[in-house]
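The values are calculated or read from the model by the stated rules, or taken from the named source; none is laboratory data. Since the model is a prediction, treat every value here as computed from it, not as a measurement. A quick note on method: Cβ atoms are made from the backbone with ideal geometry, for glycine too, and the neighbour counts reach across all protein chains shown.
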Amino acid sequence: MSVVNNLKKIREDRDILQEDLAAGTGFCCRTISRVERGESTPSAEFML
């Protein structure tokens, strides 16, 4: 399973909205959405 799929699965399993994840991490919703859809490769900073 790829990082992208893991992120979405973990977020959904914990009932966390993309907006909440964005607020907690400092990344915008658009970035999180792109990573989850596989349109963007997450940076090392994002992964931490």
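With the checklist (1) modelled with pLDDT under 90; (2) assigned to a helix (DSSP H, G or I); (3) exposed (fewer than 15 other Cβ atoms within 10 Å of the Cβ) in hand, flag the one item GLU12 doesn't pass.
Among (1) modelled with pLDDT under 90; (2) assigned to a helix (DSSP H, G or I); (3) exposed (fewer than 15 other Cβ atoms within 10 Å of the Cβ), the lone unmet condition for GLU12 is (1).
Restricting the search to the stretch 33-48, which residues are surrounded by 11 or more Cβ atoms within 10 Å (Cβ to Cβ) and in contact (Cβ under 8 Å) with a residue 24 or more places away in the chain?
VAL35, GLU36, GLY38, PRO42
Kindly check whether there is at least one residue in the stretch 32-39 that is of a type in the set (Val, Ile, Thr) and modelled with pLDDT of 80 or more.
For the stretch 32-39, residues of a type in the set (Val, Ile, Thr) and modelled with pLDDT of 80 or more: present.
Within the stretch 16-28, can one find any residue that is at pLDDT below 85, surrounded by 11 or more Cβ atoms within 10 Å (Cβ to Cβ) and either outside any loop (DSSP other than H, G, I, E, B) or among the charged types (D, E, K, R) (or both)?
Residues of the stretch 16-28 at pLDDT below 85: none.
No - not one qualifying residue is present in the stretch 16-28.
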